[in-house]
Each structure stands twice: as structure tokens, then as C-alpha cells.
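One structure is given here, and the rest of the page talks about it.
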Number of protein chains: 2
Amino acid sequence: MSKTTLVSLAESLGVSRQTVSNVINAPHRVKPETRMRVQHAIVESGYRPSAAARQLRTRRSMNFGIRMMPVVDGINGSILDRFLHALTEAAQEEGYRVTLFCADTDAGEIRQYEELLKVADLDGFVLTGTHHGDHRTAWLLEHGIPFAAFGRPWSSIEDPFGSLHPWVDVDGGAGTEQATRTLIEQGHTAVGFLGWPGGSGAGDDRRAGWARAMRAAKLPTDSLDIQADDGVPAGAQGAEQLASKGATAVVCASDSLALGALAKLRQLHPEQASPALIGFDDTPVAAAVGLSSVSQPTEDAARHIVAVLAHQLAGSSSPHGDEEPAPERHLLLPPTLIQRTPYSFSSST
Amino acid sequence: MSKTTLVSLAESLGVSRQTVSNVINAPHRVKPETRMRVQHAIVESGYRPSAAARQLRTRRSMNFGIRMMPVVDGINGSILDRFLHALTEAAQEEGYRVTLFCADTDAGEIRQYEELLKVADLDGFVLTGTHHGDHRTAWLLEHGIPFAAFGRPWSSIEDPFGSLHPWVDVDGGAGTEQATRTLIEQGHTAVGFLGWPGGSGAGDDRRAGWARAMRAAKLPTDSLDIQADDGVPAGAQGAEQLASKGATAVVCASDSLALGALAKLRQLHPEQASPALIGFDDTPVAAAVGLSSVSQPTEDAARHIVAVLAHQLAGSSSPHGDEEPAPERHLLLPPTLIQRTPYSFSSST
DNA sequence: TTACAGAATATGAACGTTCAAATAGTGTTG
DNA sequence: CAACACTATTTGAACGTTCATATTCTGTAA
């Protein structure tokens, strides 16, 4: 039971290796009858073409890379898990594999690109955590390396849809806007926003969504906008400030902040079991404590990223008539508001 | 600036390809003078050997696979992030790459093994989530595929150190034991255990640690042992039961359970800002809410797994005198108790 | 029947590396 | 100085594909 190869399989069938190869890569070139016969033998023998040999010849590895960011907070980073899983799954379905790599900085990431392109012949990359002044996209574009980003090109945010590279992102602003609107509809007139200091792209976007909803309802936003570094303690502190300014409801830029706010609001208003509070990212923690949160369609985003990347890769090798319709190169997905009632831990449970 | 290859580099130096190859793979065979010259040229040109060509010839890909488990809870799963990051980093340092793959079931995982071995020529695998009646290890052993597991072989738990395959695990029992002891030293005599239903390997192990500490202190364990499915609500419920049985402190099998317990205990004893409570896994949530927790040395585990796997892979190709001392094939790492004071969210913050 | 076009299949070469074996170089020794 | 034992370097072949081209087959028209 030695290894099946193109040649050994061809010999045992009395055809040439190229015919077997064609059955796999260009079935239309083979007479239906032979094709069937070969296909049957392929299944029978469990033959799989060697990626290495194929890669050596075609210079394509059917493999793309994604960087593991250094673990920071983890509470928000945990959505990466879902993303990575969905990405791997989608890639697998399209016949691609996902290779991980580490880098501490963007510069380090670029160095890894060079390395991986030469050594492993990666076909492309998936970028996450795009930000202002991101050098990675420029480098990749310049070198003509296929890639797709999870995150808008914040550097040229005036016209993200005119961007040269494909990206997929979640419309955070629409999420906070909806969250705010929901709270307003529930009767709140002083909805505070608890977000990060300005300058962080995603953070500003989420803040803008809140402001839009407030303006649309002709409600004042003055002094209801708190800037706090991400984290539970800062969330508690911010919630306290907002409460003192008269806010009766709070929209947060992250679940970490919301978690702190939840604890603080409960402390301030013990009579009120379910504070009017909405977090962001729908992390496991939010689900765990029953916190309403804006949920990003991570799976959809991952799937689309793979689609865009795969289309780009396939397109470059066979520039003839398109079979598949080209997936959108720039896609802004709407998030979903997950409404929950915080667990009251009442004795009746 | 066309691609540098072994041949092009050799030509420009006036040596043969094999000499350059030797400088890379067996430097001792090359005269120091030539070696220097070649090494310099390699750096100069930024030459990197093609993984595909190498793999085709040597049948080794310097690549191992790890499965992305379906996302379940997430609150505990988030330690996977840290593990994966550390694994990738360690692998990278040893010259290996990490390929992800998905499977819903163990059987699916085995199917992927077959596929990946044939197609991508993966050199080995890292297993996570070992459990009773795990078929994966048997399959891999049977087929002679190198692998290392994160998790003891629970199926043959009588003699884990006699196991045929290498594994690394964290001594959960030692963790809960230490946690319990710490609480006892603080004066508690009725320390409850809030864990999962029996039969889950890791869960039983953690329960046993608690029981050991209690027995050692000659304290009764009757009715202080609660079995609950993982999750925040179940944690709250369990904590309430324990409180009604007179427990003044609680050790939990997971942070999810502890999080629920924390909320419940605060509700039951509002005067007591910091309930005597210890969780497990030191997840980001625990850090966020200031919950004491047993921390697994995930990074060390990952690093050791890579070491064992790399040693196994290197060993099989060069069975001569060992340079590196062989890393332990079976390793039980002690966890660390991280003590924290739950955030009180007091106005003074 | 012959010639010819088009479909179907087969053959040689190449991708970039390492292995195995051959050749050239360098002292050492009788 | 010839024979030898090493060390250092080179050469041919092979890994398993796909590309480009060549060959064979089949049917149709002259």
C-alpha cells in the first residue's frame, strides 16, 4: 500500500498522468467515458494530489496567512475566536488552508509577510485590526500581494468605498445608533455614551452612531459623552459620571466598559434589577451576565473575506469569463442588537 | 531582481548548488572559509529556501496542524486564544508553522488528519480537549503520526505517565487544592465546591483537589459538593445551595460558575464586598471583575508541546547522538492561584 | 481512398530542493 | 613518490505536479 501518485494511478488505469491531471483540473478536456473511469479510480484509491508538488509547479499554495495579535485584554479579543473559526471553516470549504503567524508590531507583520511569501509561498493574507496610518495595506498593495482586511481603511476614511483593496467591516455606528434609538423608544431622554478616547476609528464611529440617534430625536448630547480607556473599572467610573449628569441609560463602546457600568448602576440603583445599558461585541461575558449588546456578524464577515480573497486569487490565474459573480470588494455589514435581561439571581431561580 | 534560488545563488558565487544547500543544512561539511562567503551571500540576497521544493524532496513540511473546536461557551474557551498565540509563537521560533483546520466531531478530526497528511504533508498534530474514550490518540498512534496532546490521556488515567504518546497538562487538582487550602488558612471551615457533573476528567480532577485539601484539614465535605452544568446562572444557583448548607467560601471548577456565584453571594451578603470565592482558568472576565482564580500556565504548556513535538520530529530524521536533551514526554504543570479583590465600585474610585 | 480538422490523449521539460554517489583537493605515511 | 585516508566539492537523479507541445484517434468532406 505505497503512496498513490499521479503516475502510479495513471499506470494502473492504462492512461497517461496528464489525463488524470486533467480529470482533476480541467475535466471538460477529457472524454466523459474516461473521465468517469478515472474519477472512480481516484475515489477508490483515495488519491489526493500532493500540495507540495503542485505548489512547486504552479507557485500557488492554496494557503493564506493571518496574524495572531498579542493577547491584550481578552474580554473583547474573544470575538477573534469566533472570527478565526469561521475563517478557517470558510477557507476549508473553498479548498484553502489557514496558516497562523505571530508578530508584535505592524512592522514585524510586514517582515513576516516577506518571509512567508518566500518560504511558504502563501497566496494571500487576511488583515485584522486596521487603524489610522496603517502601513501594512500600502506595503501589500505596493508588492501586489492579494489580501483582504477585516476593518475599513481608516486612513482614507473619507472614501472607504473607493479604497484600492478589498475590505469587510461591521457598521459599528449603525449598531450604537440602533442601540440608542431603542433606549429612546423605551422612554429615555438622557442616553449617555461611554466610549474610548477619540482617534481610534472604530471608537469614533461608534460614538458618531450614538450622536446621530440623539440628534434625530432632537435630544441634547452635551455632557453625556464620556471618554474612558477600555476596561471594567473605567466603565464603572464612567457610568458614575454619566449618572451624575442625569443619564438614565447608557450605550457603551465595549462589553468591558458595559460590564463595569452594569455593576456600578446596580450599586447606585439596587431597586432597579435591569439597568438600561447596552454593550458592544456581544462577547461571551455579555451573554453570561445577561447584558444587551451589539453583536457583530463575525461569521458572515469571515465568510465574505474568504470569498473576496478566493475570488481575487482565482481571478488572477484564469482571467477568462467569470463563472461566479464577483463578491463586493467593499462591504459594510450591519450588526444586530441582542436584547437581554440581566440575570437578577433571584432566589426563585 | 528575479527570484533567488539555490542554483542562481550558487552560480553567482561560483560554487555548486549542493554546497549552498550544505551551508544551510549541514554547515560542518563546508570549509569555514566558503561557508562564510556563502552565508554572507545568503543574507545579502535575502535568499530563503522554498518550502514546497524542500517538502517535495524531504517529505517534511515543517508544519503542524491544530483543530479549531467549534465555539461553545467562549467564556472558558477564551483561554484558547492565549494557547494558540503561544503555540504559534513557539512554533515560529523553532521554524515550524501552524495550520488550522476545522472539524465538528472527533471522527471529523480524524478525517481531516488523513486529508491533511496526504495533501499538505503535515508533520504532526497538536490535540486539545482530550477526554474519556478519545479515539484520536489511538488512530494517530496506529498510523505512526507524531503528535502531542494538551490534556492527559483520561482513558488510561490510572497510569498517565505510562502513556504511549506525549502530553502536557495542567494539574487542576493541585490548583483547587491550593485554592481550598488558602481559604481554609483564612479561617473558613466550610468551603464548598461548585463543579461539573462527574465523568469529565478535568472536572473530577478539580473536585478531587478540593476534597484532598478538606480531608487534610480534617474538615467535612458532606453536602458541600455541588454538581452544576457550566454557566453563570447555574453558578448562582449552586452558590445559593452551598450558602444554605452553611458554606462560607466557595471554590469553583470554572470562572463561569464563579461569576454566577459572585453575583449571588453579593446579593445574599451585601455587607460583604469581597466574597470568599475562587474561580478557575483565570479568564479575562475574572481579571475584569477582580475575581480570584486558578491560572493555567498556558504559555508554558504551549511552549512545551512544541518542544516535545519538534524533538519527536527532529529525532525521527536524525537518530544519531542527541544534541538537545529530550524534553519530558509527560508533563504535569502546576497552576498558579491569582488572588484578587473584587472591585467594589465604590464612589471613591 | 485521401486529406484534414478537431477532439482526446501522451510525452518532455521544468519547478527548487535534497540524497546518493562520484570527483577533486590535501595532507600523511611508508 | 606512490598509495592512502580524509575532507571538500560537484554531479545526476528524484520528489509529484502542471505547462507546452507533440502525437494519435475519429469522423467528415473532397
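The values are calculated or read from the model by the stated rules, or taken from the named source; none is laboratory data. All values reported here derive from a predicted model rather than from experimental measurement. Don't worry about glycine lacking a Cβ; one is built from the backbone with ideal geometry, like all the others, and counts go over all protein chains shown. These area figures cover heavy atoms from the full protein model, side chains too; ligands, DNA and RNA do not enter into them. Shrake-Rupley method; radii C 1.70, N 1.55, O 1.52, S 1.80 Å.
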Residue count for segment B:1-19, restricted to those that are closer than 23 Å to residue A:56 by Cβ, within 8 Å of DNA strand D (Cβ to nearest atom) and not in a helix (DSSP H, G or I): 1
Is it the case that segment B:73-94 has a residue that's in contact (Cβ under 8 Å) with a residue 24 or more places away in the chain, open to solvent by 10 Å² or more (accessible area, probe 1.4 Å), among the aliphatic types (A, V, I, L, M) and in the same structural domain as residue B:311 (by TED's automatic domain parsing)? yes
By residue number, the members of segment B:105-132 that are within 11 Å of another protein chain (Cβ to nearest Cβ) and of a type in the set (A, V, I, L, M) are B:116, B:117, B:119, B:120, B:122
Out of the residues in segment B:1-19 meeting the condition of being of a type in the set (Val, Ile, Thr) and surrounded by 12 or more Cβ atoms within 10 Å (Cβ to Cβ), tell me which one is nearest to DNA strand C (Cβ to nearest atom). B:5
Residue within segment B:143-165 that is of a type in the set (Val, Ile, Thr) and within 14 Å of the chain's Cα centre (by Cα) present: no
Here the residues within segment B:95-131 that are under 17 Å from residue B:312 (Cα atoms) and surrounded by fewer than 17 Cβ atoms within 10 Å (Cβ to Cβ) are B:95
Among the listed residues B:46, B:65, identify the single one that is without any contact (Cβ under 8 Å) to a residue 60 or more places away in the chain and either within 12 Å of DNA strand C (Cβ to nearest atom) or out of contact with any His (no Cβ under 9 Å at 6 or more places or on another chain) (or both). B:46
For residue B:33, which of the numbered conditions (1) surrounded by fewer than 18 Cβ atoms within 10 Å (Cβ to Cβ); (2) under 29 Å from the mean Cα position of the chain (by Cα); (3) within 16 Å of DNA strand C (Cβ to nearest atom) fails to hold? (2)
Determine, yes or no, whether residue B:68 is touching a strand residue (DSSP E or B) at 6+ places or on another chain (Cβ under 8 Å), at pLDDT below 95 and away from DNA strand D (no atom under 11 Å from the Cβ). yes
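Let's see how each residue does on (1) open to solvent by less than 40 Å² (accessible area, probe 1.4 Å); (2) in a helix (DSSP H, G or I); (3) within 8 Å of DNA strand D (Cβ to nearest atom):
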{"site": "A:21", "(1), (2), (3)": "yes, yes, yes"}
{"site": "A:28", "(1), (2), (3)": "no, yes, no"}
{"site": "A:37", "(1), (2), (3)": "no, yes, no"}
{"site": "A:42", "(1), (2), (3)": "yes, yes, no"}
{"site": "A:54", "(1), (2), (3)": "no, yes, yes"}
{"site": "A:57", "(1), (2), (3)": "no, yes, yes"}
